[in-house]
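Colleague: Please read through the structure below; I'll follow up with questions.
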Protein chains: 2
Amino acid sequence: MGQSKSALAIHGGAGTILRSAMTPELEAEYRGGLSAALHAGWDILDKGGSSLDAVEAAVISLEDCPLFNAGRGSVFTHEGKNEMDAAIMDGSSINAGAVACVRNVKNPVKLARLVMERTEHVSLAGDGADQFAEEIGVELADNAYFYTEFRWKQLEEAIEAGKVQLDHSAYNSETQPSTTASSSKPFGTVGAVACDTSGRLAAATSTGGMTNKRYGRVGDTAIIGAGTYAGEVCAVSCTGHGEYFMRNLTAYDVSARMKYKGMNLEDAARETVEHLTKIGGEGGLIAVDTQGNLVLPFNSEGMYRGWIGEDGTSKIRIYHESES
Amino acid sequence: MGQSKSALAIHGGAGTILRSAMTPELEAEYRGGLSAALHAGWDILDKGGSSLDAVEAAVISLEDCPLFNAGRGSVFTHEGKNEMDAAIMDGSSINAGAVACVRNVKNPVKLARLVMERTEHVSLAGDGADQFAEEIGVELADNAYFYTEFRWKQLEEAIEAGKVQLDHSAYNSETQPSTTASSSKPFGTVGAVACDTSGRLAAATSTGGMTNKRYGRVGDTAIIGAGTYAGEVCAVSCTGHGEYFMRNLTAYDVSARMKYKGMNLEDAARETVEHLTKIGGEGGLIAVDTQGNLVLPFNSEGMYRGWIGEDGTSKIRIYHESES
């Protein structure tokens with residue numbers, strides 16, 4: 001195989017992102033956050049680094065940005081705590097690491113990588129994952145670090161309305177009455193996929209979950225094959241109504257359609273999202289193949305996203321717009 | 001579609017099951033436990049009941065039998081507690097429910113079904129899942145119910161040896177020094193798959209996890225697509241070294257090979273297990289298609305298993321033996 005073309009795509013969540021509720025200032029902030037993450041990942045690929053390092057760096061940047069529902073800026077559970085999930089997968093080794101319901105880890109995606117590289121396990125959850133974080137020495141952060149006034153208000157509002165909210169709903173709720181998760185369906189997750197010059201693929205996803213969530217609900221983000229997958233033929237990171245992605249193995253399904261049906265990336269990803277639409281699942285995904293082709297399909301009103309492909313220039317989009 | 005043929009298969013875990021360590025009395029007990037579970041499920045199918053009810057009944061029977069590492073008889077974590085995982089999936093609706101790390105639920109598979117039917121979620125974990133169990137009123141059991149002297153000795157031995165053990169290792173350890181999980185590779189899980197007369201498919205899996213496990217390790221059992229899957233073309237329940245099943249989406253992969261490559265059940269399951277063998281993953285799976293065809297491939301020394309197919313007679317096997 002000849003030298004592959006480096007490529008990187010990122011997302012910052014999909015859902016009901018209303019133009020009417022977006023100010024120019026806020027849009028500039030989102031674009032700035034996406035741009036910083038894109039360049040954090042691309043700097044690594046551009047210097048010949050690995051796709052695995054690139055997706056980790058991009059997701060760390062998104063976790064550190066309080067605008068997105070992951071790391072700093074994560075939503076609050078019913079008990080007023082942050083419970084975060086993350087996963088990372090290395091397509092060249094088919095190895096993966098995931099953490100679920102971690103509380104004081106500054107960058108959950110870093111912990112997921114340590115699970116992959118330093119344990120014989122794929123997934124650690126809850127108190128055990130926090131204990132592993134302490135013992136392995138990954139950077140922790142106190143509750144105040146994760147706190148954002150905006151997310152706290154979102155919780156208070158959700159408790160008052162007696163509902164579970166997902167991610168990007170708050171900007172709507174400033175301008176209109178809150179809607180239930182099942183009607184407004186906004187989703188908050190960040191993710192990245194990359195191909196490096198050796199054609200190695202990697203994917204990473206991180207989320208703060210759902211506002212006002214209870215009962216230890218596990219979403220798709222930290223489940224290999226549901227919200228995150230990287231293999232020999234493609235790498236995929238999803239964002240959306242997690243339960244649909246879990247039942248349909250959405251991330252792995254793109255890969256399965258390519259491997260077993262012989263489809264190209266674009267057709268496989270389109271079919272996968274069409275199937276999601278058919279069954280009522282809302283959201284989107286970003287995916288890359290070993291040739292550095294990128295696709296970013298979604299069936300919601302918007303998806304925060306950006307990519308750098310063959311020509312080395314970065315593109316950032318929020319709504320359904322021209323991808324060129 | 002004409003009337004389908006009812007079919008049911010169950011497993012009680014795969015691994016290093018040594019004939020030399022098996023007494024006739026013990027083997028008779030295992031066969032009795034498998035036979036009871038098989039008939040609990042078959043009674044439902046035979047009366048025209050659903051595959052979903054049949055797999056739940058079969059798994060409940062195996063959870064109630066202290067010989068198997070699920071429900072009563074579950075292994076102990078490092079802290080001397082039982083943490084159990086279970087999942088169930090209805091192929092006719094592509095709906096699924098799962099619970100992870102639940103502690104005092106008598107039959108985790110029942111709770112998984114309640115997650116599927118009574119919540120909008122697919123998966124609940126840890127304290128939240130236990131809280132849901134209390135609120136929904138599923139039968140609980142105290143620690144003494146789950147206690148078996150045999151499993152407790154297994155924990156003491158594992159702590160002394162400083163290792164994590166999986167399921168069926170103890171019978172070896174009575175006759176030879178304990179070996180590490182990675183060398184003896186014994187796995188403990190129970191599961192069932194079924195096809196009913198309407199051609200509806202279902203799968204369920206339940207496990208007590210690994211002896212002496214720490215850090216909130218999440219295995220494949222409760223992950224839809226990894227250890228458990230039911231869809232339009234097949235239903236699958238896995239048992240083995242969970243991390244390999246998670247990275248490879250083993251349960252869903254059988255379905256994907258059938259749907260996208262047009263393979264029949266037997267070839268798809270064989271390819272899936274061959275791939276598992278190639279990458280060093282040990283274990284097995286049971287699977288059924290909409291015609292009532294059954295397969296039970298495994299690459300370990302033994303797999304506790306049983307099935308009732310077209311002719312209505314039950315078969316029970318432990319080692320590599322004729323399946324007819």
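The values are calculated or read from the model by the stated rules, or taken from the named source; none is laboratory data. A quick note: this is a predicted structure, and the numbers were derived from the prediction, not measured. In this analysis, Cβ positions are derived from the backbone assuming ideal geometry, glycine residues included, and neighbour counts consider all displayed protein chains. The area values use the complete protein model at the heavy-atom level, side chains included, leaving out ligands, DNA and RNA. Shrake-Rupley method; radii C 1.70, N 1.55, O 1.52, S 1.80 Å.
Colleague: So, R0 is 25 Å and r is the distance between the beta-carbons of B:ALA21 and A:GLU120; what FRET efficiency does that work out to, to 0.05?
Modeller: Once rounded, the FRET efficiency stands at 0.50.
Colleague: Extending each Cα 7 Å along its Cβ direction at B:GLU135 and A:ILE279, get the distance between those two points in nm, one decimal.
Modeller: Result: 2.6 nm between the two label points.
Colleague: Continuing with this model, one more query. Using a 10 Å cut-off on Cβ atoms, rank the peptides B:144-150, B:106-112, A:291-297 from the highest mean neighbour count down. Could you put the intermediate results ahead of the total?
Modeller: Values: B:144-150: 14.0, B:106-112: 27.7, A:291-297: 20.7.
Highest mean packing first, the order is B:106-112, A:291-297, B:144-150.
Colleague: Now for a different question. Could you tell me the calculated FRET efficiency between A:ASP127 and B:HIS320, based on Cβ-Cβ distance and R0 = 35 angstrom, to the nearest 0.05?
Modeller: 0.30
Colleague: Short version: ³J(HN,Hα) in whole Hz for each residue of the range B:249-266, in order, from phi by Karplus 6.51 cos²θ - 1.76 cosθ + 1.60 (θ = phi - 60°), x for Gly and Pro, what are they?
Modeller: Coupling constants for the range B:249-266: 6, 4, 5, 5, 4, 4, 5, 5, 5, 5, 5, 9, 9, x, 6, 7, 4, 4 Hz.
Colleague: While we're on this one: How many partner chain Cβ atoms sit within 10 Å of a residue's Cβ in peptide A:209-219, on average, as a whole number?
Modeller: Values: counts 0, 1, 0, 0, 2, 6, 15, 15, 11, 14, 3.
Mean partner shielding for this stretch: 6.
Colleague: Now for a separate question. State the Kirkwood hydrodynamic radius of chain A in Å, one decimal place, computed from all pairs of distinct Cα atoms.
Modeller: 18.8 Å
Colleague: Ok, one more. What list of ³J(HN,Hα) values in whole Hz, one per residue of the range B:44-53 in order, does the Karplus curve 6.51 cos²θ - 1.76 cosθ + 1.60 (θ = phi - 60°) give from phi, with Gly and Pro shown as x?
Modeller: Result, rounded to whole Hz: 6, 4, 5, 8, x, x, 7, 4, 4, 5.
Colleague: Then there is this: Which loop-located trypsin sites (Lys or Arg not before Pro) does the range A:1-88 contain, where loop means any DSSP state but H, G, I, E or B and the Cβ has at most 15 other Cβ atoms within 10 Å?
Modeller: Within the range A:1-88, the qualifying trypsin sites (Lys or Arg not before Pro) (loop, at most 15 other Cβ atoms within 10 Å) are A:LYS47, A:LYS81.
Colleague: Shifting gears a bit: Report A:HIS241's accessible area, 1.4 Å probe, all protein chains in place, as a number in Å² to the nearest 10.
Modeller: 30 Å²
Colleague: Which order do B:ARG118, A:ARG103, B:ARG270 take by accessible area at a 1.4 Å probe, largest first? If you can, show how the numbers build up before the last one.
Modeller: Numbers: B:ARG118 150, A:ARG103 75, B:ARG270 110 Å².
Ranking B:ARG118, A:ARG103, B:ARG270 by accessible area, largest first, yields B:ARG118, B:ARG270, A:ARG103.
Colleague: Next question, about the same structure. Any of A:LYS259/B:LYS261; B:LYS81/B:LYS106; B:LYS153/B:LYS213; A:LYS81/A:LYS153; A:LYS47/A:LYS110 with alpha carbons more than 18 Å apart? Name them for me.
Modeller: Working: A:LYS259/B:LYS261 9 Å; B:LYS81/B:LYS106 14 Å; B:LYS153/B:LYS213 15 Å; A:LYS81/A:LYS153 13 Å; A:LYS47/A:LYS110 21 Å.
In this structure, A:LYS47/A:LYS110 lie more than 18 Å apart at Cα.
Colleague: If you don't mind, there's one more thing I want to ask. 222 nm [θ] for the protein assembly as shown, helices only, -39500 (n - 2.57) per DSSP H run of 4+, per residue, to 500?
Modeller: Helix-only estimate at 222 nm: -11000 deg cm²/dmol.
Colleague: Output wanted: per-residue J couplings in Hz (rounded whole) for the range A:227-243, from phi through Karplus 6.51 cos²θ - 1.76 cosθ + 1.60, θ = phi - 60°, x for Gly and Pro.
Modeller: x, 9, 7, 9, x, 6, 10, 7, 10, 9, 10, 10, 8, x, 6, x, 4
Colleague: Let me ask you something else. If I model a spin label at B:ILE159 and B:GLN291 as a point 7 Å from the Cα along the Cα→Cβ vector, what separation in nanometres do I get?
Modeller: With each label placed 7 Å out from Cα toward Cβ, I get 5.4 nm.
Colleague: Please give the charge dipole size of the range A:1-142, origin at the Cα centre, charges +1 on K and R Cβ atoms and -1 on D and E Cβ atoms. Round to the nearest 20 debye.
Modeller: 440 debye
Colleague: For A:GLY302, list long-range residues whose amide hydrogen, built 1.01 Å from N in the peptide plane, is under 5 Å from its own amide hydrogen.
Modeller: The list, which skips near neighbours in sequence, is A:GLY15, A:ILE17.
Colleague: With springs only between Cα atoms under 10 Å, which of A:GLU135, A:GLU232, A:GLU243 fluctuates most in a Gaussian network model of chain A?
Modeller: Of the options given, A:GLU135 has the highest mean-square fluctuation.
Colleague: With each pseudo-label sitting 7 Å past Cα toward Cβ, what's the B:ASP46-A:ALA144 distance in nm, one decimal?
Modeller: Modelled inter-label distance: 6.9 nm.
Colleague: Rounded, prolate or oblate for the range B:254-321? Axes are the square roots of the Cα gyration tensor eigenvalues, ordered a ≥ b ≥ c, and the cut-off for rounded is a/c under 1.5. Before the final figure, lay out each step's value.
Modeller: On the way: a/c = 3.25, a/b = 1.09, b/c = 2.97.
Taking the square roots of the gyration eigenvalues as a ≥ b ≥ c, the range B:254-321 is oblate.
Colleague: Put the label 7 Å from Cα along Cα→Cβ for B:GLU120; what are its distances to the other copies, in nanometres, shortest first?
Modeller: With the label placed 7 Å along Cα→Cβ, B:GLU120 yields 4.1 nm.
Colleague: Less than 10 Å Cβ to Cβ from B:GLY41, Lys/Arg counted +1 and Asp/Glu -1: what total charge do the surrounding residues give?
Modeller: -4
Colleague: Then there is this: Expected output is a single nm value to one decimal: the length gained when fully extending between A:GLU79 and A:ARG270, i.e. 0.36 nm times separation in residues minus the C-alpha distance. What is it?
Modeller: Taking 0.36 nm per residue and subtracting the Cα distance, the gain is 64.9 nm.
Colleague: What does the extension gain come out to for A:ARG214 and A:THR197, with contour length at 0.36 nm per residue minus their alpha carbon separation?
Modeller: 1.8 nm
Colleague: Separate question: Need one value for A:250-262: mean number of C-beta atoms belonging to other chains within 10 Å of its residues' C-beta atoms.
Modeller: Counting other chains' Cβ atoms within 10 Å and averaging over A:250-262 gives 4.
Colleague: Dipole of the protein assembly as shown, Cα-centred, from +1 at each Lys and Arg C-beta and -1 at each Asp and Glu C-beta, to the nearest 20 debye? Provide the component values of the computation, followed by the final result.
Modeller: On the way: 56 positive and 86 negative charges, 117 e Å.
For the protein assembly as shown, the charge dipole is close to 560 debye.
Colleague: Cα gyration tensor of the range B:1-139, axes a ≥ b ≥ c as square roots of the eigenvalues: rounded (a/c below 1.5), prolate (a/b > b/c) or oblate? Display every interim value, and only then the final one.
Modeller: On the way: a/c = 2.23, a/b = 1.07, b/c = 2.07.
Note, shape of the range B:1-139 comes out oblate.
Colleague: Under 10 Å, Cα contacts only: if you run a Gaussian network model on chain A, which one of A:PHE76, A:PHE68, A:PHE132 comes out with the highest mean-square fluctuation?
Modeller: Looking only at A:PHE76, A:PHE68, A:PHE132, the largest GNM fluctuation is found for A:PHE132.
Colleague: What is the range B:213-253 by shape, rounded, prolate or oblate, if you read a ≥ b ≥ c off the alpha carbon gyration tensor as root eigenvalues and call it rounded for a/c under 1.5, prolate for a/b larger than b/c, and oblate otherwise?
Modeller: Prolate is the answer for the range B:213-253, as a/c is 1.5 or above and a/b outweighs b/c.
Colleague: Where both partners of a DSSP beta bridge lie in the range A:55-149, what percent of those bridges are antiparallel, to the nearest 5?
Modeller: Close to 70 percent.
Colleague: Can you give me the convex hull volume of the Cα atoms of the range A:58-118, divided per residue and expressed in Å³?
Modeller: For the range A:58-118, the hull spanned by Cα atoms encloses 77 Å³ per residue.
Colleague: Mind listing the long-range amide H neighbours of B:ASN95? Cut-off is under 5 Å, sequence gap 5 or more, other chains count too, H placed in the peptide plane at 1.01 Å from N.
Modeller: Placed amide hydrogens put B:ASP90 under 5 Å from B:ASN95.
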